[in-house]
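See structure below.
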Amino acid sequence: MFSHRWRFGWDRVSEVDLFADRHETSAETLSQAIRAAMSEEPDSDGSVLFGQLQGTVVGLRYYTGVVNQGEMVGLVRQPQNPYDRNAVMVANIYGNQVGHIKRELAAAMAYVMDNNLAKVDGVVHWGTKNKFTMPVMLSFWGREENKNAVIECMARRGYKLNTAGSISTGTHTGYTQLSSLNQHKDGEKEAAESVGTPLLLHQKQALSWMCARENQSALPPFWEKRGELYYNTLTCFSTKDIPERVRGGILADDMGLGKTLTTIALILTNFHNRKPLPVEKCVTTCRETAYCYSKELHCNTSFNGAFPFSSQHVSAFSSSFLCVYTQDQFEQHVCANVKLNVYLYYGSERNRSKKFLSSQDVVITTYNVLSADFGNKSPLHGINWLRVVLDEGHIIRNPNAQMSKAVLGLKAQRRWILSGTPIQNSVKDLWMLLAFLRLKPFDVREWWYRVIQRPVIQGDRAGLQNLQTLVKCITLRRTKSSEVNGRPLVSLPEKTVCVEQVELSQAEREEYELARNEGRNTIRRYVLVCLYMLRQHCCHPDLLAKISSDLGATATPAELRERLIEKLRLVLASGSDEECSVCLDSVRLPVITHCAHVYCRPCIAQVISTEQNVARCPLCRSEIKTSELVEFPQEEMEEENGTSSEKWRTSSKVQALMGNLLRLRCEDSSIKFLVVSQFTRFLTILEAPLREHGFSFVRLDGTMSQKRRTQVIQEFQSSTAGGVGLNLTAASHVFLMDPAWNPATEEQCIDRCHRLGQTRKVVVTKFIVKNSVEENMVKIQRQKQDLVEKAFGSTNTDRKTSRIDDIKSLMEL
DNA sequence: ACCGCCGGGTGCC
DNA sequence: ACCGCCGGGTGCC
């Protein structure tokens, strides 16, 4: 075993090349590398069409799901299918199963899909009336770098992807009646008497539109009736059942145009059967609800007493309304003689009774309370509300957030989103809002993505138009500069914004640049430390520097120093090549911090000096001071081999290696192996299982003297002819335990045994942890190799191999 | 499935 | 006939 970084002094800086200062674009390179190395989830928006393929759907007669001509279908892997673990299920928009992809094709697709090499879409262009099988046009989408792999993989199984020219991707403009979209946007509606504040013209228009959206019976956008069926013009899906109409929408007026007042007016004006909410003495009637949430949590339970509560008949739908700061607005905008039951559902003493909450006219809560309750016998989720209103609805933009999931779990007849900025960053933001409104079929992310998001991002005009139609249909948005009947919505004094550019003085600029560079260096260092630790996790958990808990604060300074020195000795002895997490090289002038982490003195000194206030340990974030760094007494530096009392444990990677070694030894007991790691301490860890299974081994690493290295290599080569030096041809199997940033580093390593004197086939095994920083390192390696290939027309490897082949043939070997 | 595939019945022209 | 051919039974994954 040997650690190549040290032993041969190869390319010691290769790991930090990505961030090196000499590149003009270092900042960009840094961010790219971080994104590439740290990203767990690839950006699916970057996908390109690899090609298309005509496939077959079989087993139609066993399922009820039907498709129309031109309809999009979903392809779902069924790894648990008892008849075929490669099964790919075909379903229509509503998720009804239509059939399966034919077995042989499914086998090829399963590989591509399971390895995330491509996403596959299906469209059925014809044969929809078939009884047994039907054709399906499959489109393969993915990231550019996977394109060839996918095409080859499919070709190997006899499926040729059609990559030619322009192909229909299935997006087209849905037929829509634009006139109907603007319905009621110009109409006006008077608010109910109980609304205490007179509405402005544009607010009456908004009220009219909101009432219409709640009372309408029109189909959602892109749906039309065709005979007995309801037909979706974008996906070509059709169904007997009328698609659920979206009773509600997005009120996206600018700040200050009175979204809250308009919503209060809606609550009071449009109760059941288009009648106003019964208020005042009307104690026995059903009460309505609107809901809203605020981003803020105000746990002020004393507010509860501010509202008169009366016991009400519990309605089938209760209702609640919004935000903390609108509590005043209710009082302000509701007539003084009107009693409205408004309950603020937050604070630890909140009343969790479903019956009580249902009896309220309005229940107001916060996103935080809602998500805290969700999945925990949440009374709010058990009530079928008349209306749910999300104030500042863009807060639930991220569909992965708990708050968003909690919001989607609410049951309601009518749903509203109030937001001045419904789309903050990208078209992606819209999905969560559509999902909340339950706008079919876009509430299912796949259909939203296929029909709208991907086409829009790829610049498809039809996709953009469909998006606009969709948004127009469910959104009312006016800005402060909008006009009604030629007049501005609101009259405000003039506002001017100007930008004045300011130059820093030379001295200021110098200080600024200094701070910027320091900041950049600090970030760079922390990123490297973080990546480094992830790489260690991939190999073995014990590689991570331990945060020592036994270095108590009660110890005297002398005791503490003694213990730290002991710890430092242990750490240095355990791997002989302890690496500094700052420079990633072997520790020079080792020092140990009070939190028991070891660094090079110059490295950690620099970290401390770049901190403005309190310097913190890059590994554990404990406070560190230059004066508290403990050095190793010089005379003990050469000591070796502290026996670690800690218990040995295995790791997945250790298991993988041992499995290979044992299998190979069974096949041929004369095989020798080379086991390579970037981490010398990992080699130390590997010694235990090797001994346990009776493998004899030698170790080679950077701390050894030249003499010792020669001895070790001779011992390893003993039974094999050939010279010494860097020759390790006795080994025919190379195990690379962890990837290096630079592929050349690995190549050099492999060449130590794949060279003159080698008589066996050389097999190299690289262990890469799935879904980890290691996979991303491999991607970076591949990119580097591609670069080399583009620049030279052949890879490093090829050139080397061919040179070796040349020599071999010259010497007639 | 107006197929392919399987397995039983059958067998000169 | 250890075949070929015929025609019935059958059928996703």
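Of note:
- Once backbone amide H atoms are built at 1.01 Å from N, A:Leu700 has A:Phe2, A:Ser3 as its partners under 5 Å, excluding neighbours fewer than 5 places away on the same chain.
- Remark: the A:His537-A:Thr479 segment gains 15.7 nm on full extension, using 0.36 nm per residue and subtracting the alpha carbon distance.
- Relative packing of peptides A:656-663, A:342-349 - highest average C-beta neighbours within 10 Å first: A:342-349, A:656-663
- Listed pairs A:Lys204/A:Lys275; A:Lys567/A:Lys647; A:Lys411/A:Lys440; A:Lys567/A:Lys707; A:Lys354/A:Lys377 exceeding 20 Å between Cα atoms: A:Lys567/A:Lys707
- Spacing of the two label points (7 Å from each Cα toward its C-beta) at A:Arg663 and A:Thr556, in nm: 5.9
- For A:Lys119, residues with placed amide H under 5 Å, excluding near neighbours: A:Trp141, A:Gly142
- Per residue, the stretch A:46-156 exposes 49 Å² of accessible surface when a 1.4 Å probe is rolled over the protein heavy atoms with every protein chain present.
- Full-stretch length increase - A:Ser718, A:Ala336 - with 0.36 nm per residue and alpha-carbon distance subtracted: 127.5 nm
- Rounded percent of accessible protein surface that carbon and sulfur make up, the stretch A:46-156, 1.4 Å probe: 51
- Distance (nanometres) between label positions extended 7 Å along Cα→Cβ at A:Leu589 and A:Lys495: 5.8
- Using θ = phi - 60° in the Karplus curve 6.51 cos²θ - 1.76 cosθ + 1.60, the 3J(HN,Hα) couplings for the stretch A:396-404 round to 8, 5, 7, x, 7, 5, 4, 4, 5 Hz; x is entered for Gly and Pro.
- Computed E for A:Thr197/A:Ala401 - FRET, C-beta separation, R0 35 angstrom, nearest 0.05: 0.55
- Shown in residue order for the stretch A:595-607 are the 3J(HN,Hα) couplings computed by the Karplus curve 6.51 cos²θ - 1.76 cosθ + 1.60 at θ = phi - 60°: 8, 6, 10, 9, 9, 5, 4, x, 5, 6, 5, 5, 4 Hz (x for Gly and Pro).
- In terms of accessible area, using a 1.4 Å probe and ignoring ligands and nucleic acids, A:Met113, A:Met737 rank largest first as A:Met113, A:Met737.
- Projected label distance in nm at A:Glu145 and A:Asn273, using a 7 Å step from Cα toward the beta-carbon: 6.5
- Proximity of backbone amide H atoms, modeled 1.01 Å from N, is registered between A:Leu390 and A:Trp416, A:Ile417, A:Leu418 at under 5 Å, excluding neighbours fewer than 5 places apart on the same chain.
- Partner lysines for A:Lys119 [C-alpha distance under 17 Å; skip if fewer than 8 residues away on the same chain]: A:Lys147, A:Lys160
The values are calculated or read from the model by the stated rules, or taken from the named source; none is laboratory data. Source: prediction; values computed, not measured. Note that each Cβ is placed from the backbone with ideal geometry, even for glycine, and that neighbours are counted across all protein chains shown. Just the protein is used for accessible areas: all its heavy atoms, side chains included, with ligands, DNA and RNA removed. Shrake-Rupley method; radii C 1.70, N 1.55, O 1.52, S 1.80 Å.
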